[in-house]
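Here's the structure we're looking at; comments come further down.
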Amino acid sequence: MNSLLLGGHRYQTVLGVTEWFGAMQAQDLNSVLWSLGTRLPGRPLPAIIAETEQRHVVRTWPMRGTVHLIPSADAHWMLELTGVRALAGAAKRRELLGLSEADADKAAEILGAALAGGGRLTRSACVAAINEGGVAVTGQLGYHLLWYASQRGVTAIAPNEGSEQTFVLLDEWAPTRNSPSPEEALGILAHRYFRSHGPTTAKDFAGWTMLPMKDARAGIAAAGLTPVDVEGTEMWAEPAVLEAGPVRGWHALPGFDEYLLGYKDRSMMATPEMLKRIIPGGNGVFQSTLVRDGKVMAVWKRTLGKKAVSIAVSPLVEFTAEDWAAAEEALQPYGAFVGLPVTVKKLE
């Protein structure tokens, strides 16, 4: 699983890292920007944001009904292969919201017309356009309608305007699209997942994509992967990753990082007691982690000030003086990323 930390060492662009993973969970924008930054050493936040404006990558809902960062050219086939599964359950959600399918489709058409010709609107402006177009938006309807339009491949999330999401037409943001066959698409997705997340199991791949096990296994068969026995459990990995060996050292990762989010079974990274502190309350909100040799050592929280970024570190194992020194060193790249010196507060 340490192959998760290799992306920036092999691929020196935002697109390269994103392709390495296949998809990077990105419902929290600041988190995914640091997921990219930590794998592109020395690249500051403004440079990462500037690369996302080049239209090579895009945020949308390709699987599990969750926002991910993916290569723009792959957005259409990923939505068709795995994103469509979320649409299958949309009827129940619409019923709870009191929304008809006709109105959801009409809202998508309204957004398509409002964004045509290179348009780019903030989230609030999109909601206003839907209202003005004749579909009343109240309560949670706004989020659902924006999700629905993107899930159908009409729109996608572009980089923020200030602190607010913006939306664009997917066809205009990604005019070049890859069009693999369904069989080829399964193989591509499996190859990307296992080279970045492996060795891991077919079950984890199925959970990551929400594919049926039959399709998950078909993807594995098409991907040219190597089986690995890990304590009696069959796992899979890309041969080149196995040859490279594990990544060593300390790494400061954001909370919503593929390092933990990319698996159903996280026992190789942390104990059940540690996971309770990484995901307090079990509410799906992950704390940022400090990782040594692929194992979680601590969680950390940052507070951005005008002159420095203050980082509070809470160890999940007993820390030695050497551990503290290594942890402080591992956090320095984050300071460089946001352009501020780092001060570390030790929480025992």
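For the stretch 139-158, indicate whether the set of residues that are polar (S, T, N, Q) and within 23 Å of Ile188 (Cα to Cα) is non-empty.
Residues of the stretch 139-158 that are polar (S, T, N, Q), as a first pass: 140, 150-151, 155.
With the extra rule that they be within 23 Å of Ile188 (Cα to Cα), the set shrinks to 150-151.
Yes, the stretch 139-158 contains a residue that is polar (S, T, N, Q) and within 23 Å of Ile188 (Cα to Cα).
Taking Asp204 and the conditions (1) closer than 30 Å to Ser314 by Cβ; (2) open to solvent by less than 20 Å² (accessible area, probe 1.4 Å); (3) in a loop (DSSP other than H, G, I, E, B), which numbered condition does it fall short on, given that it satisfies the others?
Of the numbered conditions (1) closer than 30 Å to Ser314 by Cβ; (2) open to solvent by less than 20 Å² (accessible area, probe 1.4 Å); (3) in a loop (DSSP other than H, G, I, E, B), the odd one out for Asp204 is (3).
With respect to the numbered conditions (1) under 21 Å from Gln25 (Cβ atoms); (2) open to solvent by 10 Å² or more (accessible area, probe 1.4 Å), which one is the sole condition not fulfilled by His197?
(2)
Consider the stretch 86-120. How many of its residues are surrounded by 15 or more Cβ atoms within 10 Å (Cβ to Cβ) and small (Gly, Ala, Ser)?
Adding up the residues that qualify gives 8.
Which residue pairs have Cβ atoms under 7 Å apart, sit 6 or more places apart or on different chains, and have a first residue in the stretch 114-127 that is closer than 11 Å to Leu146 by Cα and a second that is among the aliphatic types (A, V, I, L, M)?
Sorted first by the residue in the stretch 114-127, then by its partner, the pairs are Arg123/Leu146; Cys126/Leu111; Cys126/Leu146; Val127/Val137.
Which of (1) at pLDDT below 95; (2) touching a helix residue (DSSP H, G or I) at 6+ places or on another chain (Cβ under 6 Å); (3) of a type outside the set (S, T, N, Q) does Pro199 not meet, given it meets every other one?
Going through the list (1) at pLDDT below 95; (2) touching a helix residue (DSSP H, G or I) at 6+ places or on another chain (Cβ under 6 Å); (3) of a type outside the set (S, T, N, Q), Pro199 breaks only (2).
Is one or more of the residues making up the stretch 75-85 aliphatic (A, V, I, L, M), surrounded by fewer than 16 Cβ atoms within 10 Å (Cβ to Cβ) and within 22 Å of the chain's Cα centre (by Cα)? Write out each step before concluding.
Looking only at the stretch 75-85, we keep the residues that are aliphatic (A, V, I, L, M), and these are 75, 78-79, 81, 84.
This time we only want the ones that are surrounded by fewer than 16 Cβ atoms within 10 Å (Cβ to Cβ), so: 84.
Still in the list and also within 22 Å of the chain's Cα centre (by Cα): 84.
Yes, the stretch 75-85 contains a residue that is aliphatic (A, V, I, L, M), surrounded by fewer than 16 Cβ atoms within 10 Å (Cβ to Cβ) and within 22 Å of the chain's Cα centre (by Cα).
Residue-wise test of (1) open to solvent by 60 Å² or more (accessible area, probe 1.4 Å); (2) of a type in the set (Gly, Ala, Ser); (3) closer than 30 Å to Ala312 by Cα.
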residue: Gly219; (1), (2), (3): no, yes, no
residue: Pro227; (1), (2), (3): yes, no, no
residue: Trp236; (1), (2), (3): no, no, no
residue: Pro254; (1), (2), (3): no, no, yes
residue: Gly262; (1), (2), (3): no, yes, yes
residue: Asp265; (1), (2), (3): yes, no, yes
residue: Met268; (1), (2), (3): yes, no, yes
residue: Arg277; (1), (2), (3): yes, no, yes
residue: Val285; (1), (2), (3): yes, no, yes
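The values are calculated or read from the model by the stated rules, or taken from the named source; none is laboratory data. Only a predicted model underlies this, so the values are computations on that prediction, with no experimental measurement involved. A quick note on method: Cβ atoms are made from the backbone with ideal geometry, for glycine too, and the neighbour counts reach across all protein chains shown. Surface areas here come from the heavy atoms of the whole protein model, side chains and all, with no ligands, DNA or RNA. Shrake-Rupley method; radii C 1.70, N 1.55, O 1.52, S 1.80 Å.
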